[in-house]
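Quick notes on the structure that follows.
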Amino acid sequence: MNKEEEKIRKKSPVQIRNKKASFEYFFIETMTAGIVLTGTEIKSIRLGKASLVDTYCFITNGEIWVKGMNISPYFYGSYNNHEMKRDRKLLLTKKEIQKLHAATKQTGYTIVPLLVFIDEHGRAKMDIALCKGKKEFDKRQTLKEKEDKREMDRVMKHY
C-alpha cells in the first residue's frame, strides 16, 4: 500500500473496521478488492450501517466471496431491500485470486476482511489480508506489547 492509497482511506467518510482481526491473526499480505453490491447495500454502507464481525473470505470456481458481512437494511428501502448477511462477491484479478487460493491451501492460512471504505469515486472497497492464525501465547504477547506501549505513553506524558 503506497502513501496515496493510504490518504484515500483516511479521507474516506466511511471506515468500517474488523477490530478483532489484528488480535486473532498475523497479516502476511494485504490487498484491496471491490465489492459487488445492490443499490440499497451501498446506501447502507455510506451511512456506516455495516459490520465485519466474524467475517471471512472463501474462493469457489475462481471467484472470491466474503461470508458473514452484515449490512443493515436501508431505512428508506422498500420491498426491494437487500438480505442482511448474504455472501458478497469481491473483485480481484485472476492472478491475485490464484495466488490467494494457493496460499489458503496451506494449513493455518485464511483470508480475512480488514476494512470497508468508500474510494474517491464513491465505490465501496474492502481491504483483505492473507492471514495466519495466532496461537494463545502469541495473543498474550500482543496484549503485553500493547500494555507496555500504553505504559510508556503514560510515563512520557508526565515529563
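Quick one: dipole size for region 1-86, taken about the Cα centre, charges +1 on Lys/Arg Cβ and -1 on Asp/Glu Cβ, in debye to the nearest 20.
400 debye
Can you give the accessible area of GLU96, probe radius 1.4 Å, in Å² rounded to 10?
Surface open to solvent at GLU96 totals about 60 Å².
Give, in nm to one decimal, the length gained when the segment between GLU29 and ASN70 is fully stretched (0.36 nm per residue of separation minus the Cα-Cα distance).
12.3 nm is the gain from fully extending GLU29 to ASN70.
Tell me which aspartates and glutamates have Cα within less than 19 Å of LYS11's Cα, excluding those fewer than 8 residues away on the same chain?
ASP119, GLU120, ASP127
Taking the Cα centre of region 34-159 as the origin and placing charges on Cβ (Lys, Arg +1; Asp, Glu -1), which of GLY34, GLY108, HIS158 is farthest toward the positive end of the dipole?
Of the listed residues, the answer is GLY108.
Along the positive direction of the dipole of region 32-159 (beta-carbon charges: Lys, Arg +1; Asp, Glu -1; about the Cα centre), which of GLY133, GLY48, PHE75 reaches farthest?
GLY133
Compute the convex hull volume of the Cα atoms of region 74-159, divide it by the residue count, and report the result per residue in Å³ as a whole number.
231 Å³
Would you calculate the volume per residue, in Å³, of the smallest convex hull containing every Cα atom of the chain?
145 Å³
Rounded to the nearest 500 deg cm²/dmol, what is the calculated helix-only ellipticity per residue at 222 nm for the chain, with -39500 (n - 2.57) per DSSP H run of length n ≥ 4?
-10500 deg cm²/dmol
The values are calculated or read from the model by the stated rules, or taken from the named source; none is laboratory data. Treat the numbers as computed from the prediction; the structure is a model and nothing was measured. Because the Cβ atoms are built from the backbone with ideal geometry, glycine has one as well, and the counts that use them run over all protein chains shown. Ligands, DNA and RNA are excluded from the accessible area calculation, which covers all protein heavy atoms including side chains. Shrake-Rupley method; radii C 1.70, N 1.55, O 1.52, S 1.80 Å.
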